[in-house]
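*Asks:* Got a structure here, written out as structure tokens. Questions coming.
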Amino acid sequence: MARSWERMVQRNSQQLNKQRKKQGKDTIHSANSTTKTSDVFKGRNIILPVALVALGVLYWIIGTLDQSGGSVFMHWLGVGLYLLLAAMLYFRRPFLKVERNRLSTIKFNRERWLPATDIEKITLSRSAVTIKYKGKRTTWMFSKLINRYDTAAMGERLQEFGKVNNIPVEQL
């Protein structure tokens with residue numbers, strides 16, 4: 001099917017599913033169907049939130065030891081904002097979504113897509129997965145150490161993705 005046709009079918013099925021949900025009926029193309037549109041592999045940010053909590057605690061210790069009589073409100077606001085930023089980064093989970101002909105992830109607080117035609121190669125190792133762009137120096141790296149991804153499952157799915165889209169997959 002053409003992509004525009006697929007988008008139109010998807011849009012119409014979403015509208016129909018909303019109507020059916022309001023009526024209390026099962027949705028079409030529900031979760032029990034055998035067609036799977038994408039696989040999502042989620043990680044967890046740990047290192048940066050721990051560093052921010054440590055900075056918040058350090059800022060709190062320095063503020064309590066400081067006897068200059070500065071603003072107590074600003075001191076607690078700074079500590080609170082460090083802890084809030086750490087919580088936001090911890091609970092916003094990074095991901096890799098593998099679809100039929102594209103990959104997507106979150107970078108710099110936006111979802112970024114990478115079509116299969118723009119991928120030069122995929123490198124798999126025990127602790128990391130690297131996806132290299134064509135003609136660019138940038139790469140996407142998904143690490144087991146930093147972001148707690150399940151790199152073994154990601155590797156299996158990316159091998160299938162590489163076979164389907166004729167992308168070289170390199171094992172290290």
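The values are calculated or read from the model by the stated rules, or taken from the named source; none is laboratory data. Note that the structure is predicted; figures quoted are calculated from it, not measured. Note: ideal-geometry Cβ built from the backbone for every residue, glycine included; neighbour counts use all protein chains shown. Protein only, heavy atoms only, side chains kept; ligands, DNA and RNA dropped before computing areas. Shrake-Rupley method; radii C 1.70, N 1.55, O 1.52, S 1.80 Å.
*Asks:* Mind checking whether some residue in region 39-46 is more than 27 Å from residue 115 (Cβ to Cβ), over 26 Å from the mean Cα position of the chain (by Cα) and either in contact (Cβ under 8 Å) with a residue 40 or more places away in the chain or open to solvent by 80 Å² or more (accessible area, probe 1.4 Å) (or both)?
*Replies:* No, every residue in region 39-46 fails to be more than 27 Å from residue 115 (Cβ to Cβ), over 26 Å from the mean Cα position of the chain (by Cα) and either in contact (Cβ under 8 Å) with a residue 40 or more places away in the chain or open to solvent by 80 Å² or more (accessible area, probe 1.4 Å) (or both).
*Asks:* Also: Among what's in region 72-96 and is open to solvent by less than 50 Å² (accessible area, probe 1.4 Å) and within 11 Å of the chain's Cα centre (by Cα), pick the residue that is nearest to residue 61 (Cα to Cα).
*Replies:* Ranking the qualifying residues of region 72-96, first place goes to 94.
*Asks:* Working carefully through the options 122, 106, find the one that is at pLDDT 90 or above and assigned to a strand (DSSP E or B).
*Replies:* Criteria check complete, one pass: 122.
*Asks:* Tell me which residues, restricted to region 1-28, are outside any loop (DSSP other than H, G, I, E, B) and either touching a Cys at 6+ places or on another chain (Cβ under 8 Å) or not polar (S, T, N, Q) (or both). Write out each step before concluding.
*Replies:* Of the residues in region 1-28, the ones outside any loop (DSSP other than H, G, I, E, B) are 3-23.
If the condition is that a residue be outside any loop (DSSP other than H, G, I, E, B) and either touching a Cys at 6+ places or on another chain (Cβ under 8 Å) or not polar (S, T, N, Q) (or both), then 3, 5, 6, 7, 8, 9, 11, 16, 18, 20, 21, 22 are the ones that fit.
*Asks:* Within region 98-117, can one find any residue that is open to solvent by 40 Å² or more (accessible area, probe 1.4 Å), more than 30 Å from residue 164 (Cα to Cα) and touching a helix residue (DSSP H, G or I) at 6+ places or on another chain (Cβ under 6 Å)?
*Replies:* no
*Asks:* Looking at region 73-98, I want the residues that are over 19 Å from residue 46 (Cα atoms) and without any contact (Cβ under 8 Å) to a residue 12 or more places away in the chain and have a partner that is open to solvent by less than 80 Å² (accessible area, probe 1.4 Å) and outside any helix (DSSP H, G or I) with Cβ atoms under 9 Å, at least 6 apart or on another chain. Which pairs are those?
*Replies:* Here the result reads 77/71, each pair linking region 73-98 to a residue that is open to solvent by less than 80 Å² (accessible area, probe 1.4 Å) and outside any helix (DSSP H, G or I).
*Asks:* Would you please name the residue that is nearest to the chain's Cα centre (by Cα), looking only at residues in region 143-157 that are open to solvent by less than 40 Å² (accessible area, probe 1.4 Å) and modelled with pLDDT of 90 or more?
*Replies:* The initial filter retains those residues of region 143-157 that are open to solvent by less than 40 Å² (accessible area, probe 1.4 Å), namely 143, 147, 149, 151, 153-155.
Narrowing further to those that are modelled with pLDDT of 90 or more: 143, 149, 151, 153-155.
Details: 143: 12, 149: 10, 151: 14, 153: 15, 154: 13, 155: 16 Å.
Restricting to residues being open to solvent by less than 40 Å² (accessible area, probe 1.4 Å) and modelled with pLDDT of 90 or more, the top hit is 149.
*Asks:* Considering only residues that are touching an Asp or Glu at 6+ places or on another chain (Cβ under 8 Å) and surrounded by fewer than 14 Cβ atoms within 10 Å (Cβ to Cβ), look in region 125-142 and name the one that is modelled with the highest pLDDT.
*Replies:* The extreme case among them is 134.
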